[in-house]
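Only one structure is covered here, and it is reproduced in the block below.
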Amino acid sequence: MPTNNFKVGEMLNKRTPNSKTWMNFDGSYTTEIHSGFVHFDDEEGNLHNINTDLYDEADFDLIDVPVSKHAKGKFDEAKKLAKTAKQKQVMDRGQFDFQALKVPFEAKIPKNFMRGYTIGKGADKLTFKPVKASPSMGSLSENDRSTIVYQDVWNDADVELKVTSSGIKETIIVKTDKAPINFSFEVKGYLSEDLKSENGQLKLAPAWLIDANGMERDVSQTLRTESNGKVYLDLVADLVGLTFPVEIDPTVTIQPGTGGKDTYVASYYSSTNYGGADTISAGRMATAEVAALIRFDLSAISSNVQVKDSKLTLVQAGNEYPIQVVCYEATATWEENIVTYANKPTYNISENYGIQSGLNNGAKEWNVTSLVNSWVVGLKQNHGLYLRDDGGTYGSNDRVYYYSSEYTGNVANRPKLSVTYNQPPTAPTVIAPNGGETWNSSHTVEWLVSEDEKLIEIAKSATSTTNPTPTTFGQTYIVENTGRLKSVAIRSDIATISITLAIKTENSGLPGATTYATKTLTNYTVPSDGYIVFLLDEPLDISAGQKLAFEFNDGGQNSSYYISTSNPYLGGNVFAGTSISSTYDYDMKIVELASNDLQYQIQLSTDDGVNWSDIVALTAAGATQFVHDFINAPQTSTAKIRIRAFDGSAYGPWDESDGVFSIIHNVAPSAPTNLTPVTTKDCGEIIRFAWQHNDSNGDAQSKFDLDYRLQGSSTWNTVTLNSVNQYFDLPAGTLPRGTIEWRVRTYDQADLSGPYSELKTFFAGDKPSKPTTLNPIDGSIVSVSNPTVQWSSVGQVGYNLKVLDASETETLWETNQTSNNKAHTIGYSLENETNYVIQLTIKNVDGINSDVEKSYIHVSYTPPAIPIVETLSDEVRGSIILNITNPEPTGTEPLVMLNEVYRRSLNKDWIRISFDVLTGAPFTDFTPASGKTYEYYVRSWGLNETYRDSPIFQASVSFEHAQLAITSDYSEWVELVNNKDTNRQKTRGRTLNQFVGRAYPLADFSDEQTQSIELSYITQDYADVEKFYAIADRQETMLYRDREGRREFVTIDVTSEVEQYLGEIFNISFTVEKVWFKEDV
């Protein structure tokens, strides 16, 4: 890396629990990945630097800082208690404990060790309460506020509790041989046999000890459950032959998931795990190998970046030896708290990533750029690093120590991996082709631009500060790149601030009247680099050369901001209020999202994205479209385009077509289809020939050839026309009378013609003359309700007669007849004092209709007297009787010829149930349903073919017993008195289709239905049986009615008869099937 490429500020939005990212001077990024956590998240999801300091709950009412989301609940609870105790003046500080508020877990450390300590994360929580311990009160170290020391918790045994970034480290310090060797803790919370919490968020690291001479041993940790259900953790230490004091180290850690981990393995203790140790080691132990293992979580780095540099940094401490430590790639998985030398992972010894001497304590670096790049882009799986000595001749115990992620001192000494990379441009957006298109040869690929972050620095060498007096101050600026403005930062020496940025137009070195965007930061905690970062809610559109003014307003907080006078910014000046200064500039960082200098790689796939090939390796800078000839690409219906941006050092992500498109090379059109005319046409009128152009390439028609001739002729008449119209209008009078045959062919845009269509024929005939209406003539008054229309015509073989309303918008009646008859009675009753239009056309032998003949008429007649109707009901027969009286005519009223009866169910359509009721005769309706109300009216017809209707009236009847009657003669019926059983079944039309891949069939419904009724009746008179058979044997449609209101037209299917008690009782059973029946007469 160039030596002048330095970090210019941390990007807070790129923080992860175990990494930090900086933007560098050259626009690249450096991410430092730690093997342990370096951040905690508050309840708002913001990440903050970890601080393992312990806070006294008795003072929580005085604390107003971001708190870990895991500690927030206990913090609020203790804060309320402390505030209440102070208000009531009953504060007892000994009843409160300590909490860690800025770590990624909950940690509660007791003042009295007997109360036990608690650690929790998420739903997992564990409390360890010592057994047979003395009530030792702990004290908080002034030099290390993360550590509490308890004196003589057990005989000659002290305890130290220390909060680390990854858990709580407990150290039992055995001072003499009078101390116990067994230590027990009651465990509250779920802990499995493998010493993990219920959801795996917490784990007890393997316990170990070390004596005054550095001798290490494992310490037994076992769970014990008593009959009362309590669970205990027992530690048993082997202290034989050790030099006091001896430190026993049981540690509870939070599990990092896929995050970083580090440990070491030793051949001399091949079954020992050192996952909880605060150092890792490499070299020799009693001549046997010791090797360090480290793995970093790289998820904070996108897979499409270009890694420029990557270094592993370990801080060596302790003894110095002249060994050489080599870094290799681990090639198998391993777990920090499980791995031992006996099950250690394999490693690639054929390639190393640097050697560092064991002399001189301090930071040691290994360059792992190529390996990390392979991990990031996915060429290799990240199993971490394996560090060991180079196999030279060294002393039997020559080994070096490096601080591990469990180290509780300066977190900067823990292992870290720095990765410097170029952030690639964003993905473009493919516009065309984007799915569904059909392309042939030369077409334009189009896209929306990508964006690339560009960092612009003003006064980057600033060392001085200024305190602007006005509340508004700032810097003018000239935009360097066309694109969008993402963020603005100004450097200050203040810790917390509330401040507003307004981005405005520039006017003579001062802010102008127009404000483009504003951003307000309230109680903003300034990062350690001092930059107050304003990340705009929506990036601002900008153009290169545009002048802006960055106006800040801190409300006069007396804050200092860094300035430089040695490297003046030529694109603008400083302003404070209305004053302008060009002698210094503010230390600022501006991030522009540029698009004008990006190039694009474009690739084509012809198999739906399985394989890709370049259309162009790189376009011109700033391009948004590219013309390409697809003529040499294979034909396909599954083509896709993908595009990515290149900023000179890194490629951005691809964007591809949302769907597939087709590449089809030019093929001639196929034969036209959907040809018309194919029926008789009037050769005296314009005749339109129409067709459908068919082109598999989707090419529009450019030309057509239309051929026509009289059938039998050998010569075609041809019309050739350049037109996209898929029709041609032949002038009237062009065709002779007779059968015409014709065909057509079309051309595509490349002037390729397709085959002719199939031959079509139609008859070209002569239109007959319009008929002449003789009666009723146009304008006449018609005195009857159903007049007979008469006309005169020539060459008639058929006619069409219509009656329309006066507005000619509704056809009231129509008939089509093949006949040379020239008279027809209208089959529609015309209303009195109403206007109508009679419309008539005739058809000749050529099948051509004449023009329309119209007669506008007015109907006016004297109808007969209004009929008088009296209703009676017969509840035995279940009928309604209409006694109709036709009054004697008066004046010009005609005599009544006959009466018609109309009936309907309420709100239903009217039907005529009788058309021939004589004058003065009654009418009996044998068909009503029991208990249902019907509406009736009677229409009386006079001898002058006019009519008059009675008022509408209602009637109903109820009856007791079911009945069957013949529909051709309702007087033939049978009464079914003693009903034994009624079983009604209805079946709806449905088909079930079984399909592969579906567990159940798919139903397809139709309108068809079947309905049957199974009936059973008892009678003591065989004459009733014979009467039933007499009706059933007629094999006609019958009407079934019963007292429940059922009324169905049916046929009888199955009948049976059972004689019981020697002929005293007869049981008749039969099934009726519902059928369709037309009641209207």
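None of the figures in this text is laboratory data; all of them are computed from the coordinates on show. Source: prediction; values computed, not measured. A quick note on method: Cβ atoms are made from the backbone with ideal geometry, for glycine too, and the neighbour counts reach across all protein chains shown.
Based on the alpha-carbon gyration tensor of the range 7-49 and its eigenvalue square roots a ≥ b ≥ c, which shape applies: rounded if a/c is under 1.5, prolate if not and a/b is larger than b/c, or oblate? Because a/c hits 1.5 or more and a/b fails to exceed b/c, the range 7-49 counts as oblate. From the largest down, the range 839-961 spans 65, 41, 23 angstrom on the principal axes of its Cα atoms. For the range 670-765, a simple Cβ point-charge model (Lys and Arg +1, Asp and Glu -1, everything else neutral) yields a dipole of about 320 debye relative to the Cα centre. Think of each Lys and Arg Cβ as +1 and each Asp and Glu Cβ as -1; about the Cα centre, that makes the dipole of the range 971-1074 roughly 740 debye. As a length-normalised measure over Cα pairs under 8 Å and 6 or more apart, the relative contact order of the range 868-959 settles at 33 percent. Toward the positive end of the charge dipole of the range 772-859, with +1 on the Cβ of Lys and Arg and -1 on the Cβ of Asp and Glu, the farthest Cα among Ser829, Thr818, Asn849 is that of Thr818. Partner lysines whose Cα lies under 22 Å from the Cα of Lys760, excluding those fewer than 8 positions away in the same chain, are identified as Lys681, Lys703.
Kirkwood radius and radius of gyration were both taken over the C-alpha atoms of the range 971-1074, and their ratio Rg/Rh is 1.16. Along the axis of the charge dipole computed for the chain (Cβ charges of +1 for Lys and Arg, -1 for Asp and Glu, origin at the Cα centre), the listed residues Ala363, Ala212, Leu976 are led at the positive end by Ala212.
Our summary gives the chain a relative contact order of 6 percent, counting only alpha carbon pairs under 8 angstrom and 6 or more residues apart. Size descriptors for the range 105-254, from the alpha-carbon set: Rg then Dmax equal 14.8, 45 Å. Structure note, pairs Lys169/Lys364; Lys416/Lys504; Lys102/Lys504: Cα-Cα distances above 32 angstrom occur for Lys416/Lys504; Lys102/Lys504.
Taking amide H as placed 1.01 Å from N in the peptide plane, the amide H of Met285 sits under 5 Å from that of Val290, each at least 5 places away or on another chain.
Straight-line reach from Lys175: taking Cα to Cα under 28 Å and skipping same-chain neighbours fewer than 8 places apart, the lysines in range are Lys108, Lys111, Lys129, Lys132, Lys162, Lys203.
If only the Cβ of Lys and Arg carry +1 and only the Cβ of Asp and Glu carry -1, the dipole of the range 325-388 around its Cα centre is close to 100 debye. Ellipticity at 222 nm from helices only: DSSP H runs of n ≥ 4 in the chain, each -39500 (n - 2.57), divided by the residue count, give -1000 deg cm²/dmol. The relative contact order of the range 452-594, computed from alpha carbon pairs under 8 Å that lie at least 6 residues apart in sequence, is 47 percent.
Where the alpha-carbon atoms of the range 897-1003 are placed on the principal axes, they occupy 73, 40, 24 Å, in descending order. Just name one of Ala462, Ser1012, Trp334: the one whose Cα is farthest towards the positive end of the charge dipole of the chain (beta-carbon charges, Lys/Arg +1, Asp/Glu -1). Among Ala462, Ser1012, Trp334, the one farthest towards the positive end of the dipole of the chain is Ala462. If you average the alpha carbon positions of the range 390-456 and of the range 775-802, how far apart do those two centres end up, in angstrom? About 93 Å separates the Cα centre of the range 390-456 from the one of the range 775-802.
Computed over all pairs of different Cα atoms, the Kirkwood value for the hydrodynamic radius of the chain is 41.8 Å.
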